[in-house]
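What follows is a single structure, written as structure tokens, with notes after it.
The values are calculated or read from the model by the stated rules, or taken from the named source; none is laboratory data. This structure is a prediction, so every number in the text was calculated from the model and none was measured. Because the Cβ atoms are built from the backbone with ideal geometry, glycine has one as well, and the counts that use them run over all protein chains shown.
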There are 2 protein chains.
Amino acid sequence: MDKRRLLVILEYDGTDFEGFQIQKTGRTVQGELEKALLRITGSAVRVIGAGRTDTGVHALGQAAHFDTAWDRSFSVLQHALNAVLPRDIAVRSIREVALDFSARYDAVSRAYRYTILNRPIRSPLACRYSLLVSETLDVDSMNKAAQELQGSHDFGAFGKPPHGVLTVRELLQARVGRTEDYILIDLEANAFLYRMVRRIVGTLLEVGKGALTLEEFREVLARKRAAAPPVPPQGLCLLAVKYE
Amino acid sequence: MDKRRLLVILEYDGTDFEGFQIQKTGRTVQGELEKALLRITGSAVRVIGAGRTDTGVHALGQAAHFDTAWDRSFSVLQHALNAVLPRDIAVRSIREVALDFSARYDAVSRAYRYTILNRPIRSPLACRYSLLVSETLDVDSMNKAAQELQGSHDFGAFGKPPHGVLTVRELLQARVGRTEDYILIDLEANAFLYRMVRRIVGTLLEVGKGALTLEEFREVLARKRAAAPPVPPQGLCLLAVKYE
């Protein structure tokens, strides 16, 4: 049987995973998906993700590819995988791609959302998917600072590259907005450095609290001033990976 | 020190509770709140809830009252309680009420929301707070059927009374609407029978699937035809308890 390459879109609740990428120990999204693929297709399958997500980070639209000799419909494969995958992972879609397609290298951009619950009292119903910030936040200033990040910049101030040494990335969209008690920070880039989203959010929070001026925020980007430490993972969600 | 009566508004994630009301065994919201009150005020306190919620049912605005000799500010008490309560319960507000006020008997209405995720594939990020229904649903018909319930009716078809024998209740609001993949069923009544919301939702789902006509739905209310069994608890949330 000929091999085919399939692209899957995954949703997962990151709470009980030690990130996406398989490791020697610890429960990972890749590990659970490879186990499910072995169980359903009968063959050992190596899954290549569009990118890693850290421990505790969620995904609505992570992408990954793998090769398989599966010769029945993708819909049957998808339903079978969703039947054996644990409750905190689901395959949202499957489609066939060219044999030289790479979920990682062909990705044009990644879109992340960080969710802040901005109210005085913690929320049992929201705490799994947001960060509580009780102080008043100046969302307009946060949004203005976020605009400074748009375009191609050396983002070395906000993180280290997962591979190699290049720290220039292109930020395609940056937006901070409020919906009732929630502040949503949306960032889309061709690629991100390690912990980059969470350190940007931490630094934007300093701006929102009035601890950092817009000018000082620019100095952080220019590496003349330290960025804030990364905010916790549970507010972060990989919304989508985009391809041509 | 004089006793004062306080009304608290509670939010909780019902997943890991065996309902609101204290029992001989099992973790309950009332039990955890009474433990926290003993720890903070130093006195054993009996909490009276506006109503019970079943195992697994959530609340954004459950109400309860208790008497205490606490003589410092309510804000201090609220923060102290939220510091010792487990992560899945929070006190959203505290206010003083008259000594003859009852969270249960003075409640004018209770508002519940049931959340259905209506898409083909299950959702790891939504499954904790919704019921997945994969079939296409006719939301207009569900909403029309829900309108039939408004007003004072004998709701005995949908549940048993928690106390006594009276099964007449006044449904003040009933609405079924769609927002993207979510179908929200909002029901507000002076009071509800045991499992009434979940059996109404189950029966409305039969209408949405085309298994029950509007005329047949009316026959259910008239007790000429059986209601559907209750839907699972995780989609249900007590939004608010209202007082004069």
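Would you be able to say whether some residue in region A:155-168 is among the basic types (Lys, Arg) and surrounded by 15 or more Cβ atoms within 10 Å (Cβ to Cβ)? No, that holds for no residue. Every test in (1) closer than 23 Å to B:PRO232 by Cβ; (2) modelled with pLDDT under 95; (3) out of contact with any helix residue (DSSP H, G or I) (no Cβ under 7 Å at 6 or more places or on another chain) is passed by B:ASP71 save one, and that test is (1).
Once region B:57-79 is narrowed to residues that are farther than 20 Å from B:ASP2 by Cβ and more than 13 Å from every other protein chain (Cβ to nearest Cβ), the residue that is farthest from the chain's Cα centre (by Cα) is B:ALA64.
Every condition in (1) assigned to a strand (DSSP E or B); (2) more than 9 Å from every other protein chain (Cβ to nearest Cβ); (3) among the polar types (S, T, N, Q) is met by A:SER134 except one, and the failing one is (1). Going through A:GLY164, A:GLY202 one at a time, which residue ends up being more than 30 Å from B:GLY14 (Cβ to Cβ), small (Gly, Ala, Ser) and not in a helix (DSSP H, G or I)? Of A:GLY164, A:GLY202, the one residue that is more than 30 Å from B:GLY14 (Cβ to Cβ), small (Gly, Ala, Ser) and not in a helix (DSSP H, G or I) is A:GLY164. Are any residues in region A:5-40 buried (at least 17 other Cβ atoms within 10 Å of the Cβ), more than 14 Å from every other protein chain (Cβ to nearest Cβ) and either within 18 Å of A:ASP106 (Cβ to Cβ) or out of contact with any helix residue (DSSP H, G or I) (no Cβ under 6 Å at 6 or more places or on another chain) (or both), and if so, which ones? Hits for region A:5-40 are A:ARG5, A:LEU6, A:LEU7, A:GLU18, A:GLY19, A:THR28, A:GLN30, A:GLY31, A:GLU34, A:LEU37.
Quick grid of which residues meet (1) over 30 Å from B:VAL29 (Cβ atoms); (2) among the aliphatic types (A, V, I, L, M):
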site	(1), (2)
A:ILE94	yes, yes
A:PHE101	yes, no
A:ILE116	no, yes
A:ILE121	no, yes
A:PRO124	no, no
A:SER130	no, no
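Among residues belonging to region A:80-105 that are among the β-branched types (Val, Ile, Thr) and within 11 Å of another protein chain (Cβ to nearest Cβ), point out the one that is nearest to A:GLY19 (Cα to Cα). Walk me through it before giving the result.
Kept after step one, since they are among the β-branched types (Val, Ile, Thr), are these residues of region A:80-105: A:84, A:89, A:91, A:94, A:97.
Checking the rest, the ones that are also within 11 Å of another protein chain (Cβ to nearest Cβ) come to A:89, A:91, A:94.
Numbers: A:ILE89: 12, A:VAL91: 17, A:ILE94: 22 Å.
Checked region A:80-105; the qualifying residue nearest to A:GLY19 (Cα to Cα) is A:ILE89.
Residues that are within 21 Å of the chain's Cα centre (by Cα) and either over 19 Å from B:PRO86 (Cα atoms) or away from every other protein chain (no Cβ under 14 Å) (or both) within region A:111-130 comprise A:ALA111, A:TYR112, A:ARG113, A:TYR114, A:THR115, A:ILE116, listed in sequence order.
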